[in-house]
Structure formats: C-alpha cells, structure tokens
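A.B. asks: There's a structure below that I have some questions on.
The values are calculated or read from the model by the stated rules, or taken from the named source; none is laboratory data. Computed from a predicted model, the values in this text were never measured in an experiment. Glycine also receives a Cβ, built like all others from the backbone with ideal geometry; neighbour counts cover every protein chain displayed.
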Amino acid sequence: MATQGGGKSEVGVNSSPALKPKDWVLLSLRLVAFFATATATIVMALNKQTNTVVVATVGNTPVKVAVTAKFQQTPAFVFFVVANAMASFHNWMMIVVEFYGHKIDYKGLRLAIIAILDMMTVALASAGDGAATFMADLGKNGNSHARWNKICDKFHAYCDRGSGALIASFIGLLILLIINVMSISKLLKPKHTAYIGVP
Amino acid sequence: MITKTWKMIFTLSLRLLALTATLAATLVMVTAHDSAEVLNFTFKAKYSYESAFKYFVVAEAIASGYSLIVLFLSSKNSFSRLVMILDMVVAMLLISSVSAAMAVAQVGKKGNSHAGWLPICGEVAKFCNQATGALISGLLAAIIYLLILIYSLHTDYWS
C-alpha cells in the first residue's frame, strides 16, 4: 500500500483511530500558521485602552472623562479579528482531518477540496491584513488632508498591541501562502498514483 | 481538440476581463480629484493624499501589466506552474489592496466618531463617486482573478 505524499487512499484498511501522517513539513507549517493567526486574533480581540482626560475644572476638583479605544470601534479591525479567527479555525480543522479523517469518503476530491479551501483562506486573511494595516497607518499618522488626527500619541499601548497583532498576522499569511502553494503542487502531481489499489 | 480550444478561449476571455477591470480601476482612481471651499480653506482630494489609495493604484497597475504579459503567453506546460503561482500572488495583492482602500473609503464616507474623524464625502462628492467606481472595478478584478485560479486548477487537475 504505497502512497505518495501526504494523501491516504481509501483502499487501505486502517483499524487504529489516529494515523501517522506522512507529510510532517506541511503539518508543522499548518501548526505554526495556526498559532500565528490565533495569536493575532486573540491579541487584537483583547485590545483595549482607557485614558482619563481632564475636561474641565469645577471649583477645585477636575472633571475627568474616561475615553476608551477598543477594536470594535473600527470595522476594519473587526474584519481583521474575524478573518484571522476563520484562518486559524481552518488550519486547526486541516490538522484534525489529517490525523483523524481517514475514514471519510472524499470521492477522490480530497486534495482538490484542501487546495480550494486553502486558497479561500489565503484570500480572506490577506483582505483582513490589508484593511487592518492601512487603518493602523491612519491611526498612527493621521491624514492631514482630510483633517483626521492621529490617535497613537494618546493611546500608546493600544497601538503597540495592534502592531503586534498585525505582525503575527503577516507571519501567518506568509506561511498560509506557502502552505497553499504546497497543497496545490500536491494536487497537480503526476497522476500515476491514481492507479494504486486497482487489481 | 475542440474542448481544448474552448478552454483556451474561456481562459483568454477571463484574462482579458481581468485586464480591463484592473486597467479601469487604475485609471479611474488616478483621475479622481475634487476640491471644495470649506469656511475659508480649500479642501482638496486626490488619490495620492492617502496611502491606501496609492497602494490600490500601484497594485492594480502591477496586476494590469501582469495580465497583459500573460495574455501573450500561450499555455505551454513549462510556464503553467509559474503562471499559476504568480496568479496567486497577484490575486492576493489585488484582494488586499481592494480591502485596504475600502476600509479607508468607509471612514471617508461615514467617519469614525470615536477617533474624531469626520466624513469627507459631503464636501468632495465627485472624488468619492469616482473612487467608489474604481473600488467596484477593483473588486470585480479580484473576483475574476480568483475565478481564473480556480478554473486553471480545474483544467489542470481534470485534463
């Protein structure tokens, strides 16, 4: 029962609940991408900073107002959190399917489904990254032509955490791209492995 | 073979559509400008005043140049893997640039009250409308590139 690459043909008989996968490189890349995108999701989702600003002075006591910066205030950051959450969920499911999914009948479409899902995840993650990067740039430098002031000088910790989440997400996107190229090349390998198991 | 001709025609027409969409997005965004007098200062709007729109124009220009070059490449097997990988990179570039430009355009249209950013589309409506057209064209270009990728996977896998 010689198979090539990481795919398991449905012809094999397996009684153990979990299998040893043959493609450790792809699996470890998926693990790293999962951790990177999950880090990005969690760091951005917990990103919040409150500043107290003195607004006026009544007699001797200053009147303080709490101003909060949260990720929910920017739709681009909400999209960033959602996209990275879906990317990490996709990688997690791919790892689980690699170990435990050998009993499911894919009707020969396993590699194609994996390649197409990988492509969709790369598209989603790159969209989320692009939007969040430029919104962060807007918050860091403002836009003098549109009279939009920067906010990073008042909310240092919020901006730092946001940048950290962005960097983690870029690493995840790069690894997702490599994974996608690898799964597409696995899909398009020469088809002489399709005849294994035919008597 | 007749099916091979139809596949080639379909791929070529998809790539031609992508070229049109990216070219339109670039040109419409570059020529979008408006100015308005608010109180006593002039309010000008151009694509180069915002880095997300600059990134959008550059990405669409790269994608249209790439589409033009690939149009003249016949589907020789020695190049097809490279073309597929480059297709994926260009699609990723397009998607991220459209997303970034849309994020900033949304702030321009609705503002962000938490950050104290006022919307600008009320003052420079001509710029906003042209930018919206360019963004729609860019979105269509990104979708067409994804279709090109999926279709070339389909023809290679089931050839």
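A.B. asks: Please give the number of the condition A:Lys191 fails out of (1) closer than 19 Å to A:Asp118 by Cα; (2) at pLDDT below 85.
C.D. replies: Unmet for A:Lys191, out of (1) closer than 19 Å to A:Asp118 by Cα; (2) at pLDDT below 85: (1).
A.B. asks: Condition check: part of a helix (DSSP H, G or I) and closer than 28 Å to B:Tyr47 by Cβ. Does A:Phe80 satisfy that?
C.D. replies: yes
A.B. asks: A further question follows. Considering each of A:Trp92, A:Trp148 in turn, give the residue that is of a type in the set (Phe, Trp, Tyr) and without any contact (Cβ under 8 Å) to a residue 24 or more places away in the chain.
C.D. replies: None of the other options fit; the residue is A:Trp148.
Residues are listed down the side, and each one gets a yes or a no for (1) at pLDDT 85 or above; (2) under 22 Å from A:Ile171 (Cα atoms); (3) surrounded by fewer than 14 Cβ atoms within 10 Å (Cβ to Cβ):
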{"position": "A:Lys20", "(1), (2), (3)": "no, no, yes"}
{"position": "A:Thr39", "(1), (2), (3)": "yes, yes, no"}
{"position": "A:Ile42", "(1), (2), (3)": "yes, yes, no"}
{"position": "A:Ala69", "(1), (2), (3)": "yes, no, no"}
{"position": "A:Thr74", "(1), (2), (3)": "yes, no, no"}
{"position": "A:Val81", "(1), (2), (3)": "yes, yes, no"}
{"position": "A:Ile104", "(1), (2), (3)": "no, no, yes"}
{"position": "A:Leu109", "(1), (2), (3)": "no, no, yes"}
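Let's see how each residue does on (1) closer than 19 Å to A:Leu138 by Cα; (2) of a type in the set (Val, Ile, Thr):
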site	(1), (2)
B:Val57	yes, yes
B:Ala63	no, no
B:Met84	no, no
B:Ser113	yes, no
B:Leu118	yes, no
B:Lys126	no, no
B:Ala134	no, no
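A.B. asks: While we're looking at this one, here's another question. What number of residues within segment B:35-91 are at the interface with chain A (Cβ under 10 Å from one of its Cβ atoms), touching a helix residue (DSSP H, G or I) at 6+ places or on another chain (Cβ under 7 Å), touching a residue at least 12 places away in the same chain (Cβ under 8 Å) and among the aliphatic types (A, V, I, L, M)?
C.D. replies: 6
A.B. asks: Out of the residues in segment B:96-118 meeting the condition of being more than 8 Å from every other protein chain (Cβ to nearest Cβ) and over 14 Å from B:Ser51 (Cβ atoms), tell me which one is surrounded by the fewest Cβ atoms within 10 Å (Cβ to Cβ).
C.D. replies: Per the stated criteria, the residue is B:Ser113.
A.B. asks: Quick check on segment B:76-95: of everything there that is crowded, with 18+ Cβ neighbours inside 10 Å and under 14 Å from B:Ala59 (Cβ atoms), which residue is nearest to the chain's Cα centre (by Cα)?
C.D. replies: Ranking the candidates gives B:Leu94 first.
A.B. asks: Answer with yes or no whether B:Ala125 is over 21 Å from A:Ala76 (Cα atoms) and either of a type in the set (Val, Ile, Thr) or crowded, with 18+ Cβ neighbours inside 10 Å (or both).
C.D. replies: The answer is no for B:Ala125.
A.B. asks: Here is a check on your reading of the model: is A:His102 more than 14 Å from chain B (Cβ to nearest Cβ) and in contact with a Lys or Arg (Cβ under 7 Å, 6 or more places away or on another chain)?
C.D. replies: yes
A.B. asks: Separate question: If I ask for residues that are modelled with pLDDT under 85 and charged (D, E, K, R), which ones from segment B:28-50 would you list?
C.D. replies: Residue satisfying the conditions is B:Glu37 alone.
A.B. asks: Further, regarding this structure: Would it be correct to say that B:Ile95 is free of Cβ contacts under 8 Å to residues at least 60 places away in the same chain and farther than 21 Å from A:Ile175 by Cβ? Please lay out each step first, then the result.
C.D. replies: On the way: free of Cβ contacts under 8 Å to residues at least 60 places away in the same chain: yes; farther than 21 Å from A:Ile175 by Cβ: no.
Considered against the rule, which asks whether it is free of Cβ contacts under 8 Å to residues at least 60 places away in the same chain and farther than 21 Å from A:Ile175 by Cβ, B:Ile95 comes out as no.
A.B. asks: Moving on. So which residues in segment A:140-156 are under 22 Å from A:Ala45 (Cβ atoms) and either assigned to a loop (DSSP other than H, G, I, E, B) or at the interface with chain B (Cβ under 7 Å from one of its Cβ atoms) (or both), if there are any at all? Give the steps one after another, and end with the answer.
C.D. replies: We begin by selecting, within segment A:140-156, every residue under 22 Å from A:Ala45 (Cβ atoms); these are A:140, A:151-152, A:154-156.
A:Ile151, A:Cys152, A:Lys154, A:Phe155 - these are the residues of segment A:140-156 that are under 22 Å from A:Ala45 (Cβ atoms) and either assigned to a loop (DSSP other than H, G, I, E, B) or at the interface with chain B (Cβ under 7 Å from one of its Cβ atoms) (or both).
A.B. asks: How many of the residues making up segment A:105-131 are touching a residue at least 60 places away in the same chain (Cβ under 8 Å), closer than 27 Å to B:Ala142 by Cβ and either more than 7 Å from chain B (Cβ to nearest Cβ) or part of a strand (DSSP E or B) (or both)?
C.D. replies: Selection size over segment A:105-131: 4.
A.B. asks: Please specify each residue of segment A:159-184 satisfying the condition of being surrounded by fewer than 21 Cβ atoms within 10 Å (Cβ to Cβ) and either among the basic types (Lys, Arg) or within 15 Å of A:Lys70 (Cα to Cα) (or both).
C.D. replies: A:Cys159, A:Asp160, A:Arg161, A:Ser163
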